[in-house]
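The values are calculated or read from the model by the stated rules, or taken from the named source; none is laboratory data. Values in this document were obtained by computation on a predicted structure and should not be read as measured data. Quick reminder, even Gly has a Cβ in these numbers, built from the backbone with ideal geometry, and neighbours come from all protein chains shown.
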Amino acid sequence: MGKLARRLLVVGITVVGTGVVLAWVLGGQLCAPVPRQIGSAPITLDATDIVFSSTSGSSIHGWLSRGLVGHGAVLLLHGVRGDRRDMLSRAEFLHRQGYAALLIDFQAHGESPGRQITFGDRESRDVVAALEYLRRSVPGERVGVIGVSLGAAAFVLADSKPPVDAVVLESMYPTIEQAVTDRLKLHLGSWGPLLGRILLVQMHPRLGIDPDRLRPIDRVAKICAPLLMISGTRDQHTLIEETRVLFASAVAPKELWEVRGAAHVNLHRFAGAEYERRVSEFLGRYLNPAGSGYPDRAQRLDGRGNDDR
């Protein structure tokens, strides 16, 4: 082997080795817990601090806001590396309408302890525990769920969860492979997919999870409740085309709202009153049909949940 070939070989090994090390470090950062002190709920929510156990191994901390009898209850599930405060504005407008609301910190987030973020795997067990807790706390109420990104995926991936009456899923990834690829491509361009494969290889040795377990697209058809799916048309973390495929995989009754101009952001803050109108009408139909007071959506929306105008 000539000197040039040896130098190229050394350079190649160095580049690959450096990439593997960087990917391992990045993988560790992505799944590292994000503990935070949250404190008591703001007075606007009129909520109490609660704690319950989950089979994820964590004690799940949250807030419970009790609503009016017969108005329904909603479980709110935050995104990755967030906490229950990310769902506060949604909980406040639901509270004003008389709904009970349960906001939680997933394991390894906020005040709920945990060793690692698992992108929906252990978090799915927290969803089951939260639904069981909510059913015990407000017996007889119809129950809805609003899940954002990680929270949406965790709900869909949850096995043996108590039945619910309405589901809102926002900005949910179809598969962990697509989620990783989209995010890395956004920041690294053409190098993203290569680094993504290295990251995915780490999942089993680092988290004990096979990536095939993190495929909401394989589970979305099993949602046995009316579904409202929401995503931004400019979302580069979960592409709108991916959301459309997810929606096509779901079963009726279902609605799709494509939020024009929105990226991977808090869609309630982005869309404001329009978000509240659409979500209120949807939840009102299935959780509190007698008292919703909203007009028939069929008169105002087309079959995909977009405005006719």
Verdict on residue 58 being among the hydroxyl-bearing types (Ser, Thr, Tyr) and either in contact with a Lys or Arg (Cβ under 7 Å, 6 or more places away or on another chain) or under 20 Å from residue 152 (Cβ atoms) (or both): yes
Residue pairs meeting the criteria (Cβ under 6 Å; at least 6 apart or on separate chains; first at positive phi, in the stretch 162-188; second charged (D, E, K, R) and part of a helix (DSSP H, G or I)): none
So residue 168, is it within 19 Å of residue 124 (Cα to Cα) and not in a helix (DSSP H, G or I): yes
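Residues checked against (1) more than 24 Å from residue 215 (Cβ to Cβ); (2) not in a loop (DSSP other than H, G, I, E, B):
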site	(1), (2)
231	no, yes
245	no, yes
252	no, no
257	no, yes
285	yes, yes
Matching residues, the stretch 30-63, being hydrophobic (A, V, I, L, M, F, W, C), under 19 Å from the mean Cα position of the chain (by Cα) and either part of a helix (DSSP H, G or I) or buried (at least 20 other Cβ atoms within 10 Å of the Cβ) (or both): 30, 31, 60, 63
Enumeration of residues in the stretch 133-161 that are of a type in the set (D, E, K, R), out of contact with any strand residue (DSSP E or B) (no Cβ under 7 Å at 6 or more places or on another chain) and in contact (Cβ under 8 Å) with a residue 60 or more places away in the chain: 142
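For every residue, the table says whether it meets (1) surrounded by fewer than 21 Cβ atoms within 10 Å (Cβ to Cβ); (2) more than 23 Å from residue 50 (Cα to Cα).
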site: 117; (1), (2): no, no
site: 122; (1), (2): no, no
site: 156; (1), (2): no, yes
site: 166; (1), (2): no, yes
site: 173; (1), (2): no, yes
site: 186; (1), (2): yes, yes
site: 218; (1), (2): yes, yes
Selection within the stretch 265-281 - more than 15 Å from residue 146 (Cα to Cα) and either surrounded by 21 or more Cβ atoms within 10 Å (Cβ to Cβ) or modelled with pLDDT under 95 (or both): 271
Among (1) over 30 Å from residue 287 (Cα atoms); (2) of a type outside the set (Phe, Trp, Tyr); (3) under 12 Å from the mean Cα position of the chain (by Cα) - the single one residue 177 does not satisfy: (3)
Only listed residue being under 25 Å from residue 264 (Cα atoms) and in contact (Cβ under 8 Å) with a residue 40 or more places away in the chain, chosen from 86, 46: 86
Matching option when the condition is surrounded by 18 or more Cβ atoms within 10 Å (Cβ to Cβ) and within 15 Å of residue 119 (Cα to Cα), among 151, 208: 151
Test: residue in the stretch 107-114 that is within 10 Å of the chain's Cα centre (by Cα), at positive phi and surrounded by 21 or more Cβ atoms within 10 Å (Cβ to Cβ): no
Tabulated pairs, the stretch 214-227, first farther than 22 Å from residue 177 by Cβ, second in a loop (DSSP other than H, G, I, E, B), C-beta under 7 angstrom, 6+ apart or interchain: 224/163; 225/164; 225/165; 226/253; 227/250
